[in-house]
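Data block below; observations after.
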Amino acid sequence: MLKSLFKPLEHRRLFANVQNLFLVQATNYLLPLLVIPYIVRVIGPDKFGLISFAQTTILYFLMITDYGFDITGTQWLAQNQDDGTKRSELFSTVTSLKAILCFFCAILLLIATTLFPAVREHATLYWAYFLMIPGMLMFSNWYYMGMEEMKYLNYPNVISKIGYAAGVFLFVKVEADYEKVALFYGLSIFIGGLFSLWILKRRFNISFTLQPINKLITAAREGWAIFLSTFAIHLYRRSNIFFLGLVAPSEAVGYYSAGEKIVKALQSTFVPVTQAIYPIISRRMKVSKGKPDPEIKKLMLILGASTFLLSLLMSIFAEPLITLFAGERFVASILVFQIACFVICFGVLNYILGILFMTNIGLKREFTMSVIIIALINVALCLILSNIWQEIGAAMAFVTAEALLLLLLISFSLKNKHRWSDA
């Protein structure tokens, strides 16, 4: 169905990129899903909740170092694909900013592991997961997406995830080995990042040069709005494990995390389509000087219907799916999954409306405002509901936040219709 929305050349490139991005997502989410059933059975709900909390905490640092460049960097590069000098300049600028932020995050973690007893007790766990931060910096996903050459991202990605899986299966044998899960996860991403840097140099002839401070400041300013929105997205889409962990025991965190991970893995199957379409839409809107691409409405109808059907089916078959995935010890995750699976539908629609549409037609401020509002609502909801219903409350907050964001994005888009509609 998507074929009719794009020109023949665009379709061929889009189809190839969707295939390659799907492989990326498969290794990022689906391959770990083959590992998680083994992990949860070996270390149990309590330790699984502990490592999930630590991983989610470190993901805050990842969001800081990413600084929204998966969107802004991709957009800048997509508009300068044929300019080799500009591409190297963009790579140097983005990488420099990421490196500065990475150093800042390392200082923050050092302070946390020194001052807070709960973090200091499991410092090894947190530092092991922190290896993913410089690893993802070197991966430079944004560059592959901006060049629409996602196939080259597959090689380091597959190597890192296979290395992680092999490490877990070979060395995690008893509950006390839970810290090794974090070590193999962080180390595998770090090694994959080194390999990715080698590919960037060999395939794209990228050269790193020190950039003047004014260029770094300009890039930081231009990316600030998207950083705020993506960080706020993190607050309502990836942080419920963290907030649940503040008010509930590790076992409840483990139950919630098991259900949420399946939801995110299923949602990730649609990410290749939306990410591959993004640079195409960005180029089209640059040519049309900000006028919305007419195919976005069709995308919302096609992907909205597909994801709603998937969410409904997953809710119906939640019990056998969770039992197969996590085993009898995670029966409490069934209701979590039934509630949270509708995030698949809302999340895809929010990406299309917020990222593909609003950020490309001059409504970045409205998009950022929407996400920040929902992030704050989710924090309050999650803390309140988790305190009452623990993992069930966290799932309720998760799906409510996505649904409210969709309504808010629709409201802002219609309110500003005069800025993008010819009618």
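The values are calculated or read from the model by the stated rules, or taken from the named source; none is laboratory data. This structure is a prediction, so every number in the text was calculated from the model and none was measured. Cβ: placed from backbone, ideal geometry, glycine included. Neighbour counts: every protein chain shown. Side chains are part of the model used for accessible areas, which takes the heavy atoms of the whole protein and leaves out ligands, DNA and RNA. Shrake-Rupley method; radii C 1.70, N 1.55, O 1.52, S 1.80 Å.
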Exercise for review: Please determine, by comparing only the residues of segment 305-328 that are in contact (Cβ under 8 Å) with a residue 12 or more places away in the chain and of a type in the set (Phe, Trp, Tyr), which one is nearest to Leu33 (Cα to Cα).
Suggested key: Phe325
Revision key, fill the gap. Among Ile302, Ile355, the single one that is part of a helix (DSSP H, G or I) and farther than 14 Å from Arg237 by Cβ is Ile302
Point to revise | Of residues in segment 161-173 being of a type outside the set (Lys, Arg) and in contact (Cβ under 8 Å) with a residue 40 or more places away in the chain, the one nearest to Leu187 (Cα to Cα) | key: Tyr164
**Study point:** Extreme residue, least open to solvent (accessible area, probe 1.4 Å), among residues of segment 75-84 that are part of a helix (DSSP H, G or I) and in contact with a Leu (Cβ under 8 Å, 6 or more places away or on another chain)
**Key:** Leu77
Study note, to complete from the structure: Expected output for segment 389-408 (first residue closer than 16 Å to Leu244 by Cα, partner open to solvent by 10 Å² or more (accessible area, probe 1.4 Å) and among the basic types (Lys, Arg), Cβ below 9 Å, 6+ apart or cross-chain) is Phe398/Arg237; Ala401/Arg237
**Study point:** Among the residues listed as Thr124, Thr72, Thr57, Thr113, the single one being open to solvent by less than 20 Å² (accessible area, probe 1.4 Å), in contact (Cβ under 8 Å) with a residue 40 or more places away in the chain and part of a helix (DSSP H, G or I)
**Key:** Thr72
Exercise for review: Identify the residue in segment 358-367 that is open to solvent by less than 10 Å² (accessible area, probe 1.4 Å) and part of a helix (DSSP H, G or I) and, among all such residues, is nearest to Lys297 (Cα to Cα).
Suggested key: Met358
Check your understanding: Can you tell me which residues in segment 164-194 are open to solvent by less than 40 Å² (accessible area, probe 1.4 Å), over 19 Å from the mean Cα position of the chain (by Cα) and of a type in the set (Gly, Ala, Ser)?
Key -> Ala165, Gly167
Exercise for review: Considering each residue of segment 212-226, count those that are touching a residue at least 12 places away in the same chain (Cβ under 8 Å) and either more than 28 Å from Gly347 (Cβ to Cβ) or buried (at least 21 other Cβ atoms within 10 Å of the Cβ) (or both), and give that number.
Suggested key: 5
Point to revise | Ala16, sole failed condition from (1) modelled with pLDDT of 90 or more; (2) under 21 Å from Tyr152 (Cα atoms); (3) among the hydrophobic types (A, V, I, L, M, F, W, C); (4) open to solvent by 20 Å² or more (accessible area, probe 1.4 Å) | key: (1)
Study note, to complete from the structure: All-but-one check, Lys261 against (1) farther than 30 Å from Ile334 by Cβ; (2) of a type in the set (D, E, K, R); (3) at pLDDT 85 or above, failing number (1)
Exercise for review: Considering each residue of segment 136-159, count those that are modelled with pLDDT of 90 or more and more than 13 Å from Trp198 (Cα to Cα), and give that number.
Suggested key: 2
Check your understanding: For the subset of segment 244-259 comprising residues that are of a type outside the set (Gly, Ala, Ser) and farther than 17 Å from Leu381 by Cα, which member is nearest to the chain's Cα centre (by Cα)?
Key -> Tyr255
Point to revise | Among the candidates Val348, Val331, residue that is open to solvent by less than 20 Å² (accessible area, probe 1.4 Å) and either under 19 Å from the mean Cα position of the chain (by Cα) or among the β-branched types (Val, Ile, Thr) (or both) | key: Val348
Practice item. Scan segment 174-202 and report the pairs whose first residue is at pLDDT below 95 and whose second residue is open to solvent by less than 70 Å² (accessible area, probe 1.4 Å) and not in a helix (DSSP H, G or I), with Cβ atoms within less than 6 Å and a gap of 6+ or a chain change. Key: Leu200/Ile206
Review point. Has segment 253-264 got any residue that is in contact with a Lys or Arg (Cβ under 9 Å, 6 or more places away or on another chain) and β-branched (Val, Ile, Thr)?
Key: no
**Study point:** Qualifying residues in segment 369-402 (those that are under 18 Å from the mean Cα position of the chain (by Cα) and open to solvent by 10 Å² or more (accessible area, probe 1.4 Å)) - the one modelled with the highest pLDDT
**Key:** Val399
Exercise for review: Please enumerate the residues belonging to segment 127-150 that are charged (D, E, K, R) and open to solvent by 30 Å² or more (accessible area, probe 1.4 Å).
Suggested key: Glu149
Review point. Does segment 235-242 contain at least one residue that is touching a Lys or Arg at 6+ places or on another chain (Cβ under 9 Å), more than 30 Å from Gly84 (Cα to Cα) and surrounded by 17 or more Cβ atoms within 10 Å (Cβ to Cβ)?
Key: yes
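Residues are listed down the side, and each one gets a yes or a no for (1) in contact with a strand residue (DSSP E or B) (Cβ under 8 Å, 6 or more places away or on another chain); (2) in a helix (DSSP H, G or I); (3) among the charged types (D, E, K, R):
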{"site": "Ala128", "(1), (2), (3)": "no, yes, no"}
{"site": "Pro134", "(1), (2), (3)": "no, yes, no"}
{"site": "Tyr152", "(1), (2), (3)": "no, yes, no"}
{"site": "Lys161", "(1), (2), (3)": "no, yes, yes"}
{"site": "Ile189", "(1), (2), (3)": "no, yes, no"}
{"site": "Leu194", "(1), (2), (3)": "no, yes, no"}
{"site": "Ile206", "(1), (2), (3)": "no, no, no"}
